[in-house]
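To start, the structure under review is shown below, and the notes come after it.
Each reported figure results from applying straightforward, stated rules to the coordinates on display, with no laboratory input. Being a predicted model, the structure only gives us computed values, none of them experimental. Counting neighbours? That spans all protein chains shown, and the Cβs are built from the backbone with ideal geometry, glycine included.
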There are 2 protein chains.
Amino acid sequence: MRKIILASHGDFSKGLLDSVKMIVGDLANCVNSYSLYPGQSASDFALELEKTIVEDKECEYIILSDLYGASVCTAMLRLTKLHNVKLFSGMNLNMVLELLTRFSDKLTTEDAEQLSKESRMGIQNVTLQINEEEEVF
Amino acid sequence: MRKIILASHGDFSKGLLDSVKMIVGDLANCVNSYSLYPGQSASDFALELEKTIVEDKECEYIILSDLYGASVCTAMLRLTKLHNVKLFSGMNLNMVLELLTRFSDKLTTEDAEQLSKESRMGIQNVTLQINEEEEVF
């Protein structure tokens, strides 16, 4: 079994989950979101999550976080000591969809690197190719 | 002047904007979001946006979209014919924050490529380095 947690400052993770559901459909509760709000501590959530994960050793936990080096990602870092946890930063829609479709089996270290690469490839400066004859505004 | 539009299927863009505001503070309305919901057409929005942009030639419009090749990004593609529009896919928190801080001047083509690279670098498989002596769960 696998559980995916989208973790962010504010509503980013909630919004991303909404979009994933809109595209993929019912996720049968295998993807959840965590939002850190002002006055809260991401470490408190990480400690609670650690207890859950330790008691659920057969389940693979994949945590996608918003920003490398920021408080949410850093609080989750301690969880990567657990054999059944993988953590990523810089989450985008591409990453979640790749994880749900192309990388739906248990993630190996090589898969994790490949998932990062594929997610990075989704970031593009997109420009319409224009024939020289066409009018440009 | 610059306007940034976060554009996505569902609430992803709204949630991302919420998180950016939580981190950066007041954005003085220079960043807005667009959400495509079932039954709507992203092309309708793109056409309306095009009218606004054509009448606002001095303003730089930067559109960050959710997924390369998907309907929101594709609908926005026609706008890149306009000299004052740049479009990116695969948006993440990293991308928005870089745009607001390191790339706050008018984006050159080189800046756009650099922004893509920096945003990609935010995507990492993050693992705690463990000394061999430490206990691993």
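The set of residues in the stretch B:18-47 that are touching a residue at least 24 places away in the same chain (Cβ under 8 Å), over 17 Å from B:Glu60 (Cα atoms) and part of a helix (DSSP H, G or I) comprises B:Ser19, B:Val20, B:Ile23, B:Val24, B:Ala42, B:Ser43, B:Phe45.
For A:Gly69, are the conditions met, namely being crowded, with 22+ Cβ neighbours inside 10 Å and at positive phi? No: the conditions fail for A:Gly69. Taken together, the residues in the stretch B:89-110 that are at the interface with chain A (Cβ under 10 Å from one of its Cβ atoms) and more than 22 Å from B:Leu17 (Cα to Cα) amount to 1. Any residue in the stretch B:89-101 that is touching a helix residue (DSSP H, G or I) at 6+ places or on another chain (Cβ under 7 Å), more than 18 Å from A:Ser119 (Cα to Cα) and part of a loop (DSSP other than H, G, I, E, B)? Within the stretch B:89-101, not a single residue is touching a helix residue (DSSP H, G or I) at 6+ places or on another chain (Cβ under 7 Å), more than 18 Å from A:Ser119 (Cα to Cα) and part of a loop (DSSP other than H, G, I, E, B). Summed over the stretch B:1-57, residues that are among the charged types (D, E, K, R) and more than 27 Å from B:Thr101 (Cβ to Cβ) total 5. Screening A:Ser65, A:Ser19 for residues that are more than 20 Å from A:Leu107 (Cβ to Cβ), small (Gly, Ala, Ser) and touching a strand residue (DSSP E or B) at 6+ places or on another chain (Cβ under 6 Å) leaves exactly one candidate, A:Ser19. Of all residues in the stretch A:44-88, those satisfying the criterion of being of a type in the set (Ser, Thr, Tyr) and more than 7 Å from chain B (Cβ to nearest Cβ) are A:Thr52, A:Tyr61, A:Ser65, A:Ser71, A:Thr74.
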